[in-house]
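Below is one structure, written out as structure tokens; the observations come after it.
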Amino acid sequence: MKSPPFLSPCLSWKRVVGVFFLPFVLSAFAPRFKQEENLMRGRAHPPQPRFNWSHLTPLELKNRSVGLGTASTGRGKPHFTLEGHKFLIFGGSIHYFRVPREYWRDRLLKLKACGFNTVTTAFVLMAAEIGLWVILRPGPYICSEMDLGGLPSWLLRDPRLLLRTTNKGFTEAVEKYFDHLIPRVIPLQYRQGGPVIAVQVENEYGSFNKDKTYMPYLHKALLGRGIVELLLTSDGEKNVLSGHTKGVLAAINLQKVHTNTFSQLREVQRDKPLLVMEYWVGWFDRWGDKHHVKDAKEVERAVSEFIKYEISFNVYMFHGGTNFGFMNGATYFGKHTGIVTSYDYDAVLTEAGDYTEKYFKLQKLFESVSATPLPQVPKLTPKAVYPPMRPSLYLPLWDALSYLNEPVRSHQPVNMENLPINNGSGQSYGLVLYEKSICSGGRLCAHAHDMAQVFLDETMIGILNENNKDLHIPELRDCRYLRILVENQGRVNFSWQIQNEQKGITGSVSINNSSLEGFTIYSLEMKMSFFERLRSATWKPVPESHRGPAFYRGTLKAGPSPKDTFLSLLNWNYGFVFINGRNLGRYWNIGPQKTLYLPGVWLHPEDNEVILFEKMLSGSDIKSTDKPML
């Protein structure tokens, strides 16, 4: 689930528009679905049977021999089976990496209490304890609006390495990853007594489709390492043919259903049950764009129709969570645009795990088709509003450089991924500062990704980005420091553009077409160890106003029992918030997001250190609220 809808003609499969009512769509499957014909002709629909899967849970099903499979009874339509019993997948997606570990159980319990029977995630053992089946989506590419689609940035160090292909460099990395991961998955499979009933092969490869041998290679790699449960692929409606792999169940991703939604799926497997692997109940937001919402009644209608026509489905997202730190991805449609910090997604649960109208509508729907009572709904996670705080101390970036790790000295600029740090894996996230003494002005040219602030000593003179690769440096009377501070605003997570997502300065830096040489390069990864060292710096009282990049420090008083809250930084401009050394993510006054989610489990009783890294211009106070502004 990736590119924003209604934005790109080359990704038009995401623009599923048209009539939503499934009876008209599914008539193409006749005579498999007689119920649709009845409904189309105004005939009464048979009463919906109640499902009783109480004996088909990880906790109850002890004697196992046949995992998730497919079957067709005579002239009836194909369906899923679990241990030989007819089974429908009621799935919901939760990204464990976007949720504080302390809240994992709460989110899974809420999924179960809503009426779902399956989770697509990676906290496998905890899901089994709660009574949920698991569909594992191990990648290696997962997209999910994450930086580089979840692939490690060190893969970009070698320009000859081709991502998501059978290129030798990439497959060597995949082999190491699978050799590390899959042995841990084997005992968690259904037939080994675990909750994993299916495993997805990569993700939406049909829209990428650069190597016909890649998906069969991954299929073989999983089988060869001992994956025995059902394997599936997941693609948009117009990319099923190019993303499907022989011997693997094809599933579909969609936002709405129209007349031809299932046409390609029908071509590759007429005798298999339908699985909507991603039914998008909302959408992600991008900086400078609007906040996306989807009507709860529309979601309720869609899921009701899925159940009526016995279509298995997975809700994306049941709970979206937060792009903490620097994990957010980006889109590229002629312009690089980062995903916001919140991954609320207008999902079934909010970013903070609270209930929504969608939750209660789906719960009521699932309850109406369940032969057994649903579990009790967990209590809400309490929220708090804390006293406003104003940072009392600040430290300009230039005064903090001595607290960073030893800088790299290089003849030419080096992009972020190729810096000789972190045991040869380079820098993944954050910012990088390039420093060079110059003695004359002129036309500065540099390719900076994604956004670069250019300084003479400590004074900003302009900004470079993908659309603005040069600026004028005034004539100098004395030699000055040229400083270029470049931020990775998130690597693109979808399309072939992922191949070109090196960050920092790529290529040379020149003034009047004369290349500059001899750079000092500082890596600003903003790790917790850096903030520990920074505490010993000589901080200064905050002035009335400060222009330029600086750290601002204050104290949030949380009382004896810290609770969740949302930080409001409406009079600040652009930067990052760190609470007790943890990176909450990016804030930016262009919106749409106006608050940052702060989990109470990350707060200490009473005093908590708050550090803002503001890149542009200082603000005043920092407020908190018990309601998000997205």
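Looking at segment 186-198, is at least one residue out of contact with any Ser or Thr (no Cβ under 8 Å at 6 or more places or on another chain) and either modelled with pLDDT under 95 or closer than 22 Å to F306 by Cβ (or both)? There is at least one residue in segment 186-198 that is out of contact with any Ser or Thr (no Cβ under 8 Å at 6 or more places or on another chain) and either modelled with pLDDT under 95 or closer than 22 Å to F306 by Cβ (or both).
Between A250, A173, which is among the hydrophobic types (A, V, I, L, M, F, W, C), more than 22 Å from the chain's Cα centre (by Cα) and within 18 Å of I142 (Cα to Cα)? Steps first, please.
Values: A173 fails: more than 22 Å from the chain's Cα centre (by Cα).
Sole residue among the options that is among the hydrophobic types (A, V, I, L, M, F, W, C), more than 22 Å from the chain's Cα centre (by Cα) and within 18 Å of I142 (Cα to Cα): A250.
Can you pull out every residue in segment 408-444 that is among the hydroxyl-bearing types (S, T, Y) and farther than 16 Å from K503 by Cα?
As a first pass, look at segment 408-444 and keep what is among the hydroxyl-bearing types (S, T, Y): 410, 425, 428-429, 434, 437, 440.
Once the filter is applied, which keeps residues that are among the hydroxyl-bearing types (S, T, Y) and farther than 16 Å from K503 by Cα, segment 408-444 yields S410, S437, S440.
Can you go through N573, N493, N500, N580 and tell me which one is assigned by TED's automatic domain parsing to the domain that holds L456, surrounded by fewer than 19 Cβ atoms within 10 Å (Cβ to Cβ) and modelled with pLDDT of 95 or more? Don't jump to the end; show me each part of the working.
On the way: N573 fails: assigned by TED's automatic domain parsing to the domain that holds L456; N493 fails: surrounded by fewer than 19 Cβ atoms within 10 Å (Cβ to Cβ); N580 fails: assigned by TED's automatic domain parsing to the domain that holds L456.
One residue alone meets the criteria, N500.
Which of the residues that make up segment 106-145 are assigned to a helix (DSSP H, G or I), of a type in the set (D, E) and touching a Gly at 6+ places or on another chain (Cβ under 8 Å)? Lay out the reasoning, then the answer.
Initially, segment 106-145 is screened for residues assigned to a helix (DSSP H, G or I), giving 106-114, 124-130.
Still in the running and of a type in the set (D, E): 106, 129.
D106 - this is the single residue of segment 106-145 that is assigned to a helix (DSSP H, G or I), of a type in the set (D, E) and touching a Gly at 6+ places or on another chain (Cβ under 8 Å).
Set side by side, the residues G206, G169, G149 differ, and just one is in contact with a Cys (Cβ under 9 Å, 6 or more places away or on another chain), assigned to a helix (DSSP H, G or I) and either of a type in the set (K, R) or outside the structural domain of S495 (by TED's automatic domain parsing) (or both), which is G149.
Out of the residues in segment 250-261 meeting the condition of being in contact (Cβ under 8 Å) with a residue 60 or more places away in the chain and under 11 Å from D235 (Cα atoms), tell me which one is surrounded by the fewest Cβ atoms within 10 Å (Cβ to Cβ). Ranking the candidates gives L254 first. Within segment 589-610, residues that are hydroxyl-bearing (S, T, Y) reach partners that are surrounded by 17 or more Cβ atoms within 10 Å (Cβ to Cβ) and in a strand (DSSP E or B) with beta carbons closer than 8 Å, at six or more positions or on different chains, in the pairs T595/F566; T595/L567; T595/S568; Y597/T322; Y597/S342; Y597/D564; Y597/F566; Y597/L584.
Within this structure, N512 fails the test of being in the same structural domain as G462 (by TED's automatic domain parsing), in contact with a strand residue (DSSP E or B) (Cβ under 7 Å, 6 or more places away or on another chain) and buried (at least 23 other Cβ atoms within 10 Å of the Cβ). Checking each residue in segment 420-451 for being closer than 23 Å to M146 by Cβ and either part of a strand (DSSP E or B) or touching a His at 6+ places or on another chain (Cβ under 9 Å) (or both) picks out L431, V432, A448, H449, D450, M451.
Filter segment 149-194 down to the residues that are of a type in the set (K, R) and without any contact (Cβ under 8 Å) to a residue 12 or more places away in the chain and list them by number. The answer is R160, K168, K176, R184.
Can you tell me how many residues in segment 489-500 are in a loop (DSSP other than H, G, I, E, B) and out of contact with any His (no Cβ under 8 Å at 6 or more places or on another chain)? If you could, list the steps in order and put the result at the bottom.
Taking segment 489-500 as the starting set, the residues that turn out to be in a loop (DSSP other than H, G, I, E, B) are 489-491, 493-495.
Then keep just the ones that are out of contact with any His (no Cβ under 8 Å at 6 or more places or on another chain); that gives 490-491, 493-495.
The qualifying residues number 5.
A single member of V454, V486 is under 24 Å from the mean Cα position of the chain (by Cα), crowded, with 17+ Cβ neighbours inside 10 Å and part of a strand (DSSP E or B), and it is V486. The residues of segment 504-561 that are on the phi > 0 side of the Ramachandran plot and not in a loop (DSSP other than H, G, I, E, B) amount to a single one, G504. Does segment 346-360 contain at least one residue that is under 14 Å from the mean Cα position of the chain (by Cα) and hydrophobic (A, V, I, L, M, F, W, C)? Yes, that holds for at least one residue.
Go through the residues of segment 362-369 one by one and say whether even a single one is surrounded by fewer than 17 Cβ atoms within 10 Å (Cβ to Cβ) and either in contact with a Leu (Cβ under 7 Å, 6 or more places away or on another chain) or of a type in the set (G, A, S) (or both). Yes, the conditions are met somewhere in segment 362-369.
The values are calculated or read from the model by the stated rules, or taken from the named source; none is laboratory data. A quick note: this is a predicted structure, and the numbers were derived from the prediction, not measured. Because the Cβ atoms are built from the backbone with ideal geometry, glycine has one as well, and the counts that use them run over all protein chains shown.
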